[in-house]
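Worksheet: the structure to be examined is printed underneath.
Just so it is clear, none of the values below were taken in a lab; they were calculated from the coordinates. All of these numbers come straight from a predicted model, not from anything done at the bench. Note that each Cβ is placed from the backbone with ideal geometry, even for glycine, and that neighbours are counted across all protein chains shown.
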Amino acid sequence: MFAIEREGEEYRRLSYKDANCVGCGICVEVCPTESLRLGPTVPIARGLIEMDLVSVNESSCVFCGLCSVACPFDSLALTIDGADVKDIESYPVWEVESKIDEEECIYCGRCNEVCPRDSIIFERKLPNPVDLVRGEIEIDKDQCIYCSFCADMCPAGAIDIKNVPTSSNDLLNNSIEVDLSKCIFCGVCKRVCPEDAIKQICSTCMLVDEIPVPEITGDAFISEGSCVNCSWCSEICPVDAITITKPFEGTLELVEADEKVCKGDSCHACQDVCPCNAVEIVDGKSVTNLDFCNLCGACVIACPQDIRVLSRTAMKLNNINSESWNEILNGLIGK
Amino acid sequence: MAVKIDSNLCGHIENCPVQGLCIKLCEQGAIIEKDGDVSIVPENCDDCDLCIQSCPNQAISKA
């Protein structure tokens, strides 16, 4: 986290949010004054060093804002007189999206489980099971011998029996209670009772129309700041409710040579820095699943063997109006 | 092949910004602390070069 500012004809302020940063180094790559530095990404990812991934040299920064528009992950922001340049019409803009369609979402929560960045805000309300079952249950306490067969067999754990005297004066002080908020009227207690002391009716079949259909409601949305557009959520969503646009198109390959080979489990630097959880070490080699990769390039920088080859062919950064910015920013896709 | 440490550049744990970052990074046990200093165990080295890349003093290189 840093924020630097300069007051002139305009008031310009550059702020950096480490929480959103993936360590891709794109900002460093595009900075025309070499004012940004990427820290040691692997030790930081492993928690060996606590520091921000990116740092700035305040005296050489010209507050142009190129880093902030190039950052696909909303980690840097330049404001001019209080307005974020990403909201100013003439500045480039990432046309990416990470959205959950609440009309389609069934609140299963699988996206929330797989998101590598904890970017999904998820909450759901399940119906009360008691509202979904109907029945009656009655225990004849004169007939009950407190054998506890019913309580031991009850799949819902709904029967509470007290059948051990606490003193010699307490011999007849037994009790049996059914917790109707747990009972599902399955009838196991009735069938197992050796004394026929339990009367139970499941009226589900008769009253089926009166029983509410379970309705699951909730809230689910993606916090776009920390989202890295990896697509784990949209790939796993069973109802196709999620749209993710990736910032880049292209490929990432492992190109080994004589002396330069992937050391797999010994190193796993790529896996540690990957913000997308897209890298796995399989049979001693790094394997990247491009379905989940956002082509940020953090692994390319982290690889000590320098054998990861990233080829971006297109990007969703549009509205680049300045010729010099166009040249620099198109360098990201090798054009 | 392993790696070697230039003892003029090395922070010798005490003056290393991370008190022996290379030792902490190497999961092969090829860099260990010995008598308060950094020591290489060549037979454990897998030549992954992670230590070379990460040394804040650029003290590590190929042997």
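With θ taken as phi - 60° and the Karplus curve 6.51 cos²θ - 1.76 cosθ + 1.60 applied, the whole-hertz 3J(HN,Hα) list for region A:27-38 is 4, 5, 4, 8, 4, x, 10, 6, 8, 10, 10, 9 Hz, x standing for glycine and proline.
Using just the helices of chain A, give the 222 nm mean residue ellipticity in deg cm²/dmol: DSSP H runs with n ≥ 4 each add -39,500 (n - 2.57), and the total is spread over all residues, rounded to 500.
Values: 10 runs with 53 residues, N = 335.
For chain A, the value works out to -3000 deg cm²/dmol.
Peptides B:19-26, A:65-72 ranked from most to least packed, by the mean per-residue count of other Cβ atoms within 10 Å: A:65-72, B:19-26.
For residue A:135, nonlocal amide neighbours, meaning residues 5 or more places apart or on other chains whose placed amide H falls under 5 Å from its own, are A:203.
Seen from all directions on average, the protein assembly as shown presents a Cα convex hull projection of 33.5 nm².
Karplus-based coupling profile of region B:40-45, in residue order and whole Hz: 8, 10, x, 5, 8, 6, with θ = phi - 60° in 6.51 cos²θ - 1.76 cosθ + 1.60 and x standing for Gly or Pro. Computed over chain A with a Gaussian network model linking Cα atoms closer than 10 Å, the most mobile of A:204, A:313, A:41 is A:204.
Normalised by the number of residues in chain B, what is the relative contact order in percent for Cα pairs under 8 Å and 6+ residues apart? Each step should come with its number before you reach the end.
Details: 102 pairs, mean separation 29.7, N = 63.
That works out to 47 percent.
Taking the fewest neighbouring Cβ atoms within 10 Å as the starting point, the ordered list for A:1, A:153, A:315 is A:1, A:153, A:315.
Can you give the net charge of the other residues whose Cβ lies under 13 Å from the Cβ of residue A:112, counting K and R as +1 and D and E as -1? Each step should come with its number before you reach the end.
Numbers: positive: A:110, A:117, A:124; negative: A:113, A:118, A:123, A:219.
Net local charge, residue A:112 excluded: -1.
For chain A, the dipole from Cβ point charges (+1 on Lys and Arg, -1 on Asp and Glu) about the Cα centre works out to 620 debye, to the nearest 20.
If you filter region A:135-190 for chymotrypsin sites (Phe, Trp or Tyr not before Pro), then keep DSSP loop positions with at most 11 other Cβ within 10 Å, what is left?
Details: sites: A:146, A:149, A:185; in loops: A:146, A:185.
Those that pass, being in a loop and sparsely packed, number zero.
Helical runs assigned H by DSSP (4 residues or longer) give chain B a calculated mean residue ellipticity at 222 nm of -3000 deg cm²/dmol, each run adding -39500 (n - 2.57) before division by the residue total.
Take every residue in peptide A:267-280, count the Cβ atoms of other chains within 10 Å of its Cβ, and give the average of those counts. Intermediate values should be presented prior to the final figure.
Values: counts 10, 3, 6, 0, 0, 0, 0, 0, 0, 0, 0, 0, 0, 0.
Going residue by residue through A:267-280 and averaging, the value is 1.
Remark: A:232, A:325 ranked as A:325, A:232, counting other beta-carbon atoms within 10 Å and listing the fewest first.
Listed by Cβ neighbour count within 10 Å, with the fewest neighbours leading, B:9, A:38, A:53 appear as B:9, A:38, A:53. If we count every other residue with Cβ under 13 angstrom of residue A:40's Cβ, Lys/Arg +1 and Asp/Glu -1, where does the sum land? With Lys, Arg at +1 and Asp, Glu at -1, the neighbours total 0.
Counted by Cβ distance under 13 Å from residue A:173, the other residues give a net charge of +1, where Lys and Arg count +1 and Asp and Glu count -1. Residues considered: A:145, A:301, A:80. Largest GNM mean-square fluctuation over chain A, using C-alpha springs under 10 Å, is found at A:145. In order along region A:153-158, the Karplus-derived 3J(HN,Hα) couplings, from 6.51 cos²θ - 1.76 cosθ + 1.60 at θ = phi - 60°, round to 8, 4, x, 9, x, 8 Hz, and Gly and Pro are given as x.
So how strong a dipole does region A:248-315 carry about its Cα centre when Lys and Arg Cβ are +1 and Asp and Glu Cβ are -1, to the nearest 20 debye?
The calculation lands at about 160 debye.
The charge dipole of chain B, taken about the Cα centre with unit charges on the Cβ atoms of Lys, Arg (+1) and Asp, Glu (-1), comes to about 120 debye, rounded to the nearest 20. Taking 20 Å as the straight-line reach from the Cα of residue A:246, the lysines in range (excluding those fewer than 8 positions away in the same chain) are A:86, A:99, A:316, A:335.
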